[in-house]
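The values are calculated or read from the model by the stated rules, or taken from the named source; none is laboratory data. Every value quoted in this text rests on a predicted model; they were computed, and no experiment measured them. Note: ideal-geometry Cβ built from the backbone for every residue, glycine included; neighbour counts use all protein chains shown.
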Amino acid sequence: MSLSAAVAETVPGSTLLLPADSNQARGLADYAIGFLQGRTAVSRATLDLLERFHLDSVGCGVSALALGANAPTVLRREALRSPPAEGSRGAVCFGSRRPVAVEKGVAANASAVREWDSNGTNFGHDAAKGRCAGEFGHNDFYPVALAAAREARLDGESTLRVMLLIDEIRGRLAEVFPLRKYAIDHVHHGAVAAAAAFTAALGGDADAVESAIGMVVAHYVPYRAIRAGHQLSDSKGASAALAAETAVLAARRSLDGFLGPRDVFRNPLALYRKNLPSADGTSPFDLELGLSGAAFAIHSMHFKLGLYEHQSAGAIGALIELFGRYPGLAADPGGIRAIRVAIYEPAFSIIADPAKKSPATRQSADHSLPYILTRTILKAAAAAARGRSAPDWNDVMLLPADYDDAAIVASDVRSLISRIDVVHGGSRYDALYPEGIPTSVTIDHALLGELESELVMYPLGHAKSDPLRTTALVDLKFDRLVAGAVDDPAMLRERVRLTGKTIDEVADLYAFPIHGCDPG
């Protein structure tokens, strides 16, 4: 690495420490440049995991566009009206070969990926190192890497490094700084990472990368106003897209010579020290970054096995456990007199407030634990009617149709949702998060009596769950999402795998036809 001892020191165990008393923005710049030059040892296992997260994101994006989701459609239409700047190769939107302005294409693609709120997620937790700020984040920023690859003419392996770099920086920032505590949206960490990675991928030196990071932090901080209110809008799902757009703008300006603020993590008026003041002028945290093996943050990230807020996965897992233990349960939802769910903070505040019992929009429904559990039970009942006595994740996978207007207002949904009570499990539950997703479910059933699940910690999809079963379900989810949107899901799966792809194949990776989507 090209990091001086004054800036960072290597920590045993294939990581690199950027201490709080150093210029961490400069350290990130040096790290990003070295990372993309191959000075880190990335294993095949890490790349395969990254390919899986990317594939999952593509399935989400294709589905959202094929079904005409509003925000991605609007942003894609805007992008297709925006030609690339002179001298730029531009980006391509999902489903089109027309080159468009890079920042607009990135915004459109990231919006599509994020729209269903069903792609990968992280909890910002490294218990071994005591870095547990617990900020959320998602694998929303791969379109930034694809756009950088098209501009810089990168092959598949190089593009994977850009993707991994973005996930590493945003994942590690999530462990040390809780943006939500200061009403700042979690996508800001992704914007910092995207600005650093895009600038480095296009050949920017350390000054340019540090400048881009500084501009994002100083000029483009998104607040959680987008998540306030009982019913959420397009802004909630598009937050990562707009953050990615600003990251690319900052990167391009820095590459053109614009000078943004330096040493921004120690800047007393930037969001970090402004919210966590420091008497000695240091940043509020040490920042540790992966260099090899399983040290990368992606190994602690989770998959969603359908459309639901990931905090609800423990409750879904608990229901599936009860379906397995009591075969008559799924077949008789009408016999359910009451359901009690015990869950931890912050899940209790995020997905269980009283307004969540009456969601009116998809964006609110997929953040409503009562609604998510209701749809899960109804899908289990449908599976039981087909002869599945013990429905599992395969049977209850929530898909876009489970959140359409008719599903949200259906009478059976409203009846069952009224019988669900979510309670805070208290300090016992809180202490187990974010190591796991501690949740238990108790059902009072007219015929079966009181049924109590085990305490679920690592439901399928969690980074500590069964990797083979999770992989199979992620593949199934992809096939179901893209069915009807493309002619051959298996062929699309192979197309978007980056390993072994040439420069030209990467440049047009997303330019495959999507049924019902304007090719531009």
**OP:** Please state which of the following conditions Asp117 fails to meet, knowing it meets all the rest: (1) farther than 21 Å from Leu55 by Cα; (2) at pLDDT below 95.
**Re:** (1)
Original post:
Between a first residue in the range 209-233 that is on the phi < 0 side of the Ramachandran plot and in contact (Cβ under 8 Å) with a residue 12 or more places away in the chain and a second residue that is outside any helix (DSSP H, G or I) and basic (Lys, Arg), which pairs have beta carbons less than 9 Å apart while being 6 or more apart in sequence or on different chains?
Top reply: Glu210/Arg262; Ser211/Arg262; Gly214/Arg262
**OP:** From (1) under 30 Å from Ile33 (Cβ atoms); (2) hydroxyl-bearing (Ser, Thr, Tyr); (3) assigned to a loop (DSSP other than H, G, I, E, B), pick out the condition that doesn't hold for Tyr308.
**Re:** (1)
Subject >> Only one of Ala108, Ala133, Ala101 that is crowded, with 20+ Cβ neighbours inside 10 Å, at pLDDT 95 or above and within 18 Å of the chain's Cα centre (by Cα) >> reply: Ala108
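Is it fair to say Glu309 is touching a strand residue (DSSP E or B) at 6+ places or on another chain (Cβ under 8 Å) and surrounded by fewer than 24 Cβ atoms within 10 Å (Cβ to Cβ)?
It is false that Glu309 is touching a strand residue (DSSP E or B) at 6+ places or on another chain (Cβ under 8 Å) and surrounded by fewer than 24 Cβ atoms within 10 Å (Cβ to Cβ).
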Original post:
Inside the range 352-368, can you point out the residues that are crowded, with 19+ Cβ neighbours inside 10 Å, in contact (Cβ under 8 Å) with a residue 60 or more places away in the chain and under 15 Å from Leu232 (Cβ atoms)?
Top reply: Pro359, Gln363, Ser364, Asp366, His367
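Among the candidates Val42, Val7, Val58, Val74, single out the residue that is modelled with pLDDT under 95, under 26 Å from Tyr510 (Cβ atoms) and among the aliphatic types (A, V, I, L, M).
From the options Val42, Val7, Val58, Val74, the qualifying one is Val42.
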Original post:
Would you pick out the residues in the range 391-445 that are in a strand (DSSP E or B) and either surrounded by fewer than 21 Cβ atoms within 10 Å (Cβ to Cβ) or hydrophobic (A, V, I, L, M, F, W, C) (or both)?
Top reply: Ile420, Asp421, Val422, Val423, His424, Ser440, Val441, Thr442, Ile443, Asp444, His445
**OP:** Taking Ala383 as the residue in question, decide whether it is within 20 Å of Arg340 (Cα to Cα), surrounded by 19 or more Cβ atoms within 10 Å (Cβ to Cβ) and either touching a residue at least 40 places away in the same chain (Cβ under 8 Å) or of a type in the set (Lys, Arg) (or both).
**Re:** no
**OP:** From (1) under 21 Å from Ser453 (Cβ atoms); (2) within 18 Å of the chain's Cα centre (by Cα), pick out the condition that doesn't hold for Leu329.
**Re:** (2)
**OP:** Given the conditions (1) more than 21 Å from Ile437 (Cβ to Cβ); (2) among the small types (Gly, Ala, Ser); (3) assigned to a loop (DSSP other than H, G, I, E, B), report the number of the one that Gly461 does not fulfil.
**Re:** (1)
**OP:** From (1) closer than 21 Å to Ala194 by Cα; (2) within 20 Å of the chain's Cα centre (by Cα), pick out the condition that doesn't hold for Arg39.
**Re:** (2)
Original post:
Can Ala315 be described as closer than 19 Å to Val413 by Cα and in a strand (DSSP E or B)?
Top reply: no
**OP:** Could you list, in sequence order, all residues of the range 344-383 that are small (Gly, Ala, Ser) and outside any loop (DSSP other than H, G, I, E, B)?
**Re:** Ala347, Ser349, Ala355, Ser364, Ala365, Ala380, Ala381, Ala382, Ala383
